[in-house]
Amino acid sequence: MDTIYALATARGKAGVAVIRLSGPDARKAVIALGARLPEPRVAAVRKLHGADGTLLDEALVLWFEAGASFTGEEVAELHTHGSPATVSAVLHALSEIEGLRLAEPGEFTRRALENERLDLTQVEGLSDLIEAETEAQRRQALRVLSGAIGARAEVWRADLIRAAALLEATIDFADEEVPVDVSPEVLELLDRVEADLTREAEGVSAAERIRDGFEVAIVGPPNAGKSTLLNALAGREAAITSEYAGTTRDVIEVRMDLGGLPVTVLDTAGLRETDDVVEGIGIDRARQRALGADLRVFLLDSNGSTLGLAPEAEDIVLQGKADLHRTDGPAVSGKTGAGVAELIAAITSRLETRAARAATATRERHRLAILGALSSIARARNQVWRGEDSAELAAEEIRGAIRALDSLVGRVDVEHILDEIFSSFCVGK
């Protein structure tokens with residue numbers, strides 16, 4: 001196996017840069033740089049030299065033994081000064097050492113997976129943690145990275161293995177009198193696993209929203225104050241505002257952090273009847289994006305019309321341009337800021353309620369694996385109800401559910417998705 005190396009920190013000027021090595025020649029590479037190897041897991045200052053003896057840098061060196069590192073292999077870390085010239089010189093020196101090569105994107109993490117230091121869901125959690133922009137995303141990614149999904153999958157797997165073992169015992173002793181009917185315990189185990197998996201499947205949508213972001217659409221008729229409100233929420237001139245109807249022709253998006261949740265606020269074209277072809281396309285897009293959004297904020301004009309797009313139960317309905325239109329109901333003005341804080345609080349509250357329903361599983365791949373297990377469990381239950389003659393078929397269906405859970409954590413059937421996952425990692429990860 002090759003020993004790989006890469007810059008693990010961002011490129012550019014910095015106080016410190018970390019260069020990571022992993023593989024059977026990691027120890028040899030440190031020695032080849034003219035540095036005495038420190039004790040495992042103990043940082044030590046060492047001078048690094050090129051092949052011709054030139055001093056490259058004075059760096060902090062760490063070394064981890066195989067089995068006690070992130071990748072499970074021998075790993076060395078060189079904490080050098082962060083100038084581009086220093087990093088370039090050390091990387092060049094490493095490239096000249098036989099047996100070393102530059103790592104591919106995500107290769108360190110891929111080796112951690114192959115060496116069973118991480119399961120597949122933890123790899124996905126690490127990817128999400130690297131991409132996390134908000135507090136909610138960070139917390140969710142850390143929960144997945146900690147192995148929460150794998151731990152739950154092991155509990156479900158153990159229950160299913162127990163159920164299959166009970167059924168297989170009746171098969172092994174089919175010609176003898178079995179003193180106990182195992183079907184009640186088998187059905188109890190299947191029901192318990194099914195209930196947990198159902199809750200997980202139902203919560204994946206909310207977890208995906210935390211990872212990818214919620215969408216909140218501002219909708220209403222022309223000149224209701226939608227673009228001005230978007231600018232107030234964004235704190236900048238994100239949308240063009242004008243007294244003329246039809247100014248907004250396309251959906252304008254602004255990414256925000258509301259209460260730690262990632263939220264994209266959409267400013268949509270004013271809803272009205274029009275003969276303008278281009279404006280009509282914008283209105284059609286506005287309707288489609290509004291229907292697909294997680295939450296809608298309806299801004300009413302002086303007539304109080306929503307123009308055929310009916311608010312749903314959790315949607316927010318406000319009088320727009322509160323500085324111009326008096327009303328006894330809730331209102332907002334992007335121009336003066338009246339009601340903006342209350343609107344942000346209302347949006348945040350609604351989205352936090354949805355986020356609270358998030359499952360441990362966070363991706364569509366997880367949901368599909370869980371649904372596969374649920375289908376097998378349902379078929380297994382039907383076979384158990386048919387009696388002892390169907391015990392073998394029931395056991396096989398339970399094994400199918402176990403295989404689905406194994407695919408969830410990456411024990412089987414993962415090669416076709418590994419390249420897609422690791423393509424999002426940086427080279428030094």
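The values are calculated or read from the model by the stated rules, or taken from the named source; none is laboratory data. For clarity, every value in this text was computed on a predicted model and none was experimentally measured. Cβ placement follows ideal geometry from the backbone for every residue including glycine, while neighbour counts extend to all protein chains displayed. SASA here: full protein model, heavy atoms, side chains in, ligands and nucleic acids out. Shrake-Rupley method; radii C 1.70, N 1.55, O 1.52, S 1.80 Å.
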- Message: Checking the structure you have, find out if any residue of segment 342-354 is of a type outside the set (S, T, Y), farther than 22 Å from V123 by Cα and not in a helix (DSSP H, G or I).
- Response: no
- For P311, which of the numbered conditions (1) outside any helix (DSSP H, G or I); (2) within 30 Å of D406 (Cα to Cα); (3) open to solvent by 30 Å² or more (accessible area, probe 1.4 Å) fails to hold? (2)
- In segment 74-97, residues that are open to solvent by less than 20 Å² (accessible area, probe 1.4 Å) and outside any strand (DSSP E or B) total 4
- Task: Go through segment 383-414 residue by residue and tally those that are more than 30 Å from S127 (Cα to Cα), among the aliphatic types (A, V, I, L, M) and surrounded by fewer than 21 Cβ atoms within 10 Å (Cβ to Cβ).
- Result: 1
- Of these, L318, L374, which one is in contact (Cβ under 8 Å) with a residue 60 or more places away in the chain and among the aliphatic types (A, V, I, L, M)? L374
- Quickly run through segment 1-35 and pick out the residues that are open to solvent by less than 10 Å² (accessible area, probe 1.4 Å) and not in a loop (DSSP other than H, G, I, E, B). T3, I4, A6, A17, I19, L21, S22, A26, A29, V30
- Can you tell me which residues in segment 115-146 are outside any helix (DSSP H, G or I), open to solvent by 70 Å² or more (accessible area, probe 1.4 Å) and closer than 12 Å to R211 by Cα? E133
- Item | Identity of the residue in segment 36-64, open to solvent by 50 Å² or more (accessible area, probe 1.4 Å) and part of a strand (DSSP E or B), that ends up farthest from A76 (Cα to Cα) | L55
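Residue under question is V87, and the condition is that it be out of contact with any strand residue (DSSP E or B) (no Cβ under 7 Å at 6 or more places or on another chain) and β-branched (V, I, T); does it hold?
Here the answer is no, as V87 does not meet what is asked.
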- Note on the structure: Pairs returned, first residue in segment 16-28 that is under 15 Å from E107 (Cα atoms), second residue that is surrounded by fewer than 19 Cβ atoms within 10 Å (Cβ to Cβ) and among the basic types (K, R), beta-carbon separation under 7 angstrom, 6 or more apart or interchain, are none
- Task: Go through segment 364-382 and give me each residue that's of a type outside the set (A, V, I, L, M) and either open to solvent by 80 Å² or more (accessible area, probe 1.4 Å) or within 17 Å of R192 (Cα to Cα) (or both).
- Result: G372, S375, S376, R379, R381, N382
